[in-house]
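The values are calculated or read from the model by the stated rules, or taken from the named source; none is laboratory data. All figures in this text were calculated on a predicted structure; none of them were measured in a lab. Here the Cβ positions follow ideal geometry from the backbone for every residue, glycine too, while neighbour counts run over all protein chains shown. Just so you know, the surface numbers come from the protein's heavy atoms only, side chains and all, with ligands and any DNA or RNA stripped out. Shrake-Rupley method; radii C 1.70, N 1.55, O 1.52, S 1.80 Å.
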Number of protein chains: 2
Amino acid sequence: MTSTKIGFIGLGIMGQPIALNLRKAGYPLWVYARRPEMMQPLTAVGATACTSPQAVAQQSEIIFIMVSDTADVEQVILGPDGIIHGATSGSLVIDMSSIAASATRTLATTLATVGLQMLDAPVSGGEKGAKEATLSIMVGGKVEQFERAWPLFQILGQNIVHVGNHGAGQIAKTCNQVLVSQTVVAVGEALLLAKAAGVNPAKVRQALLGGFANSKILEVHGQRMLEHDFQPGFKVKLHHKDIRIALQTAHELGLAIPGTALAAQNLNALMGSGHGELDSAAMVLVQERTSTVQLTEKG
Amino acid sequence: MTSTKIGFIGLGIMGQPIALNLRKAGYPLWVYARRPEMMQPLTAVGATACTSPQAVAQQSEIIFIMVSDTADVEQVILGPDGIIHGATSGSLVIDMSSIAASATRTLATTLATVGLQMLDAPVSGGEKGAKEATLSIMVGGKVEQFERAWPLFQILGQNIVHVGNHGAGQIAKTCNQVLVSQTVVAVGEALLLAKAAGVNPAKVRQALLGGFANSKILEVHGQRMLEHDFQPGFKVKLHHKDIRIALQTAHELGLAIPGTALAAQNLNALMGSGHGELDSAAMVLVQERTSTVQLTEKG
């Protein structure tokens, strides 16, 4: 199985450690990134640098994509030097980017017309999860293709779920961000309420970790908020993009998600004030603007 | 230490199992409940039934209160047959009810003028936590009184935190409800978005449990929502009361908590449609009213 020829397109903060884990597992690997210097850590361990997604696809049986947004994925697959012009019939495209489910479904249909398979496989767990191979992987597409990709997913993550048909992985990721964004808002409100009431918010966080208010966000982002430590983590600008996808999906479905819409405003405000590179725990900065207290103040 | 004479006032869904745990640990116990039949399970194991909070206080060194709302606590402590008219100087009142922090601070000041001590010690964990002695206990008041009560708290719960001075326990509980209410809304939006998109919400929940979207609420309330199993648990009418306290506290502090205010509307709508006795996971019923799908539909 380690003779399966793998392609990897997009070697950013997430793509690079994921591709490295595949290479370390022994797979022959062809890579492409828009910025050639991003390929260096991969070629240093034996991967072959290519000049286009098309060139990657010509060499590979399974081609991973990890880029930023819907338009990037469409360009990588359908563009003039895209995967669709290089891939051999029967090859499998695994898109790990977080994009709109509706776009994923259209791409899968287009690829099928030329005999190419597709899975959507967005992830949760951030750079840390990518490096440590502890990602959650949410997969949409045909079950046979999920089984084909299974040995590769096992190298990359821990909680790997075949959610459903094409787009189901993207919907799960969208649901993930619906939950995460609102929980970040809720943690910010709770900690600021404590602070404003003259109560130590670190003690409140500690008390709440043991009960029904417990969440991964209270644990991780709550601590970041208390320290104003907004080193990413997961950047505001990516969260902002994901929440646009959530609101777009709700718009398409005719579904009211007012809590998500409210949380989105904090991400908008952060982007508008130039904080896109911070971790999304920085949403508390927007909440502090309308408060008389800051979490880092002594008191 | 087991010779410390304990009083317990309020033997409802929470108070009764808590008082039973104290009695089972061997403490002599005097109890009072407005409905005399609620005292029966306690007298059956050797507790003494009293005719008023005053009578309980006359017998006890440490007097627990577990009633519903601020006015009830004020009545139990300050009313014509209240604790304040029976307690011996130096006695400790431990209020486990969830009430407004500002009211708790006033009560503690009033009790201090007649030589009585007070701790606010609201809990999280519900009926199950009370029965199994796994409650989170959030404590406000003087550290010496916290230490005095410590052996009793250890009988009743697991995560016991001295949050700060008078009212700090109530503020922590308020923060708990700020978090819980918004996380319930977020889980509802996420599961309904999946359903509306034609994706199995149970699979989405499963995929999300492993990552940053993970929370106790996704685990417990998420499952209840999928099954429309709204057996309490924690009743809507109590959550509704707690969220009123949160919004009242924010009003007093001059703090904006728009996410909590939004979540409160779902609890209002549930109360208005006669669903106060359901578990608060039923907030998803309000979300389903504005949706074309229900989580329990086949599809």
**Item:** Degrees separating the helix A:15-24 axis from the principal Cα axis of chain A, which is the longest one
**Value:** 50 degrees
**Charged-residue dipole, Cβ positions (Lys, Arg, Asp, Glu), chain A about Cα centre, Debye nearest 20** = 360 debye
**Message:** How shielded is A:136-147 by partner chains, expressed as the average number of their Cβ atoms within 10 Å of its Cβ atoms?
**Reply:** 2
**Asked** How do B:154-164, B:229-239 rank on mean C-beta neighbours within 10 Å, highest first?
**Response** B:154-164, B:229-239
**Asked** Around residue B:250, what is the net charge, scoring Lys/Arg as +1 and Asp/Glu as -1 over all other residues with Cβ under 14 Å from its Cβ?
**Response** -1
**Message:** Run the label-point distances for residue B:158 please: 7 Å along Cα to Cβ, every other copy, nanometres, shortest first.
**Reply:** 1.9
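For A:89, A:97, write out the residues from largest to smallest accessible area, computed with a 1.4 angstrom probe and no ligands counted.
Descending order: A:89, A:97.
Given Cβ point charges of +1 (Lys, Arg) and -1 (Asp, Glu) and nothing else, what value in debye, to the nearest 20, does the dipole of the protein assembly as shown about its Cα centre take? Can you show the working numbers first?
On the way: 44 positive and 44 negative charges, 86 e Å.
In debye, rounded to 20, the protein assembly as shown gives about 420.
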**Fill in**
Mean other chain Cβ within 10 Å across B:284-291 is 2
**Prompt:** Nm distances between the label at residue A:272 and the same-position labels in the remaining copies, 7 Å along Cα→Cβ, shortest first?
**Reply:** 3.0
**Prompt:** Rounded to the nearest 5, what % of the DSSP beta bridges within chain A are antiparallel ones?
**Reply:** 15 percent
**Fill in**
If one compares the long axis through the Cα atoms of helix B:143-156 with the longest principal axis of the Cα atoms of chain B, the angle in degrees, nearest 10, works out at 60 degrees
**Request:** Provide the FRET efficiency to the nearest 0.05 for the residue A:228-residue B:154 pair, computing r from the beta carbons and using R0 = 35 Å.
**Result:** 0.50
**Complete:** the stretch A:228-255 and the stretch B:115-166 have their Cα centres apart by a whole-number Å value of 39 Å
**Item:** At 7 Å out from Cα toward Cβ: residue B:144 inter-copy label distances (nm, ascending)
**Value:** 7.9
**Fill in**
Row for the stretch A:6-163, column shape: gyration tensor on C-alpha, a ≥ b ≥ c, rounded if a/c < 1.5 i.e. under 1.5, prolate if a/b over b/c, else oblate; value rounded
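Where does the protein assembly as shown land at 222 nm, in deg cm²/dmol rounded to the nearest 500, when only DSSP H runs of n ≥ 4 count, each adding -39500 (n - 2.57), divided by all residues? It would help to have the intermediate numbers written out before the result.
Numbers: 26 runs with 305 residues, N = 598.
About -15500 deg cm²/dmol.
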**Request:** Specify whether the C-alpha gyration tensor of chain A places it in the rounded, prolate or oblate class, a ≥ b ≥ c being the square roots of the eigenvalues: rounded for a/c under 1.5, otherwise prolate if a/b is larger than b/c and oblate if not.
**Result:** prolate
**Prompt:** DSSP beta bridges in the protein assembly as shown, what fraction antiparallel, as a percent rounded to 5?
**Reply:** 15 percent
**Asked** How long is the gain from residue A:143 to residue A:89 if the chain were fully straight, where each residue apart is worth 0.36 nm and the alpha carbon distance is subtracted?
**Response** 17.6 nm
**Asked** Around residue B:46, with a cut-off of 11 angstrom between Cβ atoms, what is the net charge of the other residues, counting Lys and Arg +1 and Asp and Glu -1?
**Response** +2
**Item:** About the Cα centre, charge dipole magnitude for the stretch B:191-251 (Lys/Arg +1, Asp/Glu -1 at Cβ), debye
**Value:** 140 debye
**Message:** On the rotation axis linking copies B and A, which residue of B comes nearest by its Cβ, and by how many whole Å?
**Reply:** B:215, 2
**Asked** Roughly how many nanometres apart are two label points built 7 Å out from the Cα toward the Cβ at residue A:128 and residue A:24?
**Response** 1.7 nm
**Request:** Please determine, in degrees from 0 to 90 and to the nearest 10, the orientation of helix A:258-272 with respect to the longest principal axis defined by the Cα atoms of chain A, where the helix direction is its Cα long axis.
**Result:** 90 degrees
**Prompt:** How much net charge surrounds residue B:237 when only the other residues with a Cβ under 15 Å from the Cβ of residue B:237 are counted, with Lys and Arg +1 and Asp and Glu -1?
**Reply:** -3
